[in-house]
């Protein structure tokens, strides 16, 4: 099985030993994205809504590099620093899809990289 590593300067560079995304066949696996502004060390965290928008922008950049968009997404995983963020993240997240939502789980975790409040990973079909 052949795999292709996907990287774009339009999304934050990996902060560890992983790729922004990996394509195999017609499937794209996107690593978790946080609200890190591409090309900087700046985290957008003034509000959970702004943080979530930056995460979704980063995910879209990786999707676009692969010739895809949110319509191609079949599965997402959302990691929250606390379930008190669920409603606000849900509200922002939902605006990025055109009514056909992917499968998803949302979990609260003890900690996330750089002390962010939300991280989202995706799987897309190309």
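The values are calculated or read from the model by the stated rules, or taken from the named source; none is laboratory data. Note that this is a predicted model, so its numbers are computed, not measured. Cβ atoms come from the backbone with ideal geometry, glycine included; neighbour counts cover every protein chain shown.
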*asked:* Being part of a helix (DSSP H, G or I), in contact with a strand residue (DSSP E or B) (Cβ under 6 Å, 6 or more places away or on another chain), touching a residue at least 40 places away in the same chain (Cβ under 8 Å) and over 23 Å from residue 110 (Cβ atoms) is the requirement here; does residue 62 meet it?
replied: yes
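Quick one: count up the residues across the stretch 85-108 that are touching a residue at least 24 places away in the same chain (Cβ under 8 Å), assigned to a loop (DSSP other than H, G, I, E, B) and either on the phi > 0 side of the Ramachandran plot or within 16 Å of the chain's Cα centre (by Cα) (or both). Break it down into steps so the answer makes sense when it comes.
Kept after step one, since they are touching a residue at least 24 places away in the same chain (Cβ under 8 Å), are these residues of the stretch 85-108: 85, 88-89, 91-93, 96-98, 100, 102-108.
In the following step, the residues that additionally are assigned to a loop (DSSP other than H, G, I, E, B) were identified as 96-98, 100, 102.
Among the residues that remain, those that are also either on the phi > 0 side of the Ramachandran plot or within 16 Å of the chain's Cα centre (by Cα) (or both) are: 96-97, 102.
The number of residues fulfilling the criteria is 3.
Out of 123, 43, which single residue is under 13 Å from the mean Cα position of the chain (by Cα) and either under 23 Å from residue 7 (Cα atoms) or at pLDDT 95 or above (or both)? Quick ask: steps written out before the conclusion?
Working: 43 fails: under 13 Å from the mean Cα position of the chain (by Cα).
The match here is 123.
Just give me the residues in the stretch 109-119 being in a loop (DSSP other than H, G, I, E, B) and surrounded by 10 or more Cβ atoms within 10 Å (Cβ to Cβ), in sequence order.
Filtering the stretch 109-119 down to residues in a loop (DSSP other than H, G, I, E, B) leaves 109-112, 116-117.
Passing the criteria: 109, 112, 116, 117.
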*Look through the stretch 31-46, keep the residues that are in contact (Cβ under 8 Å) with a residue 40 or more places away in the chain and surrounded by fewer than 21 Cβ atoms within 10 Å (Cβ to Cβ), and return whichever of them is nearest to residue 85 (Cα to Cα).*
45
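This table checks each residue for (1) in contact with a strand residue (DSSP E or B) (Cβ under 7 Å, 6 or more places away or on another chain); (2) crowded, with 18+ Cβ neighbours inside 10 Å; (3) at pLDDT 95 or above; (4) closer than 22 Å to residue 97 by Cα.
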site	(1), (2), (3), (4)
1	yes, no, no, no
6	yes, yes, yes, no
20	yes, yes, yes, yes
26	yes, no, yes, yes
29	yes, no, yes, yes
53	no, no, yes, yes
*Can you name the condition, by its number, that residue 76 falls short on among (1) touching a residue at least 60 places away in the same chain (Cβ under 8 Å); (2) buried (at least 18 other Cβ atoms within 10 Å of the Cβ); (3) part of a strand (DSSP E or B)?*
(1)
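Can you find a residue in the stretch 22-30 that is in contact with a helix residue (DSSP H, G or I) (Cβ under 6 Å, 6 or more places away or on another chain) and either over 23 Å from residue 117 (Cβ atoms) or not in a loop (DSSP other than H, G, I, E, B) (or both)?
Initial filter on the stretch 22-30 (in contact with a helix residue (DSSP H, G or I) (Cβ under 6 Å, 6 or more places away or on another chain)): 30.
From what is left, the residues that are either over 23 Å from residue 117 (Cβ atoms) or not in a loop (DSSP other than H, G, I, E, B) (or both) are 30.
Checked against the condition, which is being in contact with a helix residue (DSSP H, G or I) (Cβ under 6 Å, 6 or more places away or on another chain) and either over 23 Å from residue 117 (Cβ atoms) or not in a loop (DSSP other than H, G, I, E, B) (or both), the stretch 22-30 yields at least one hit.
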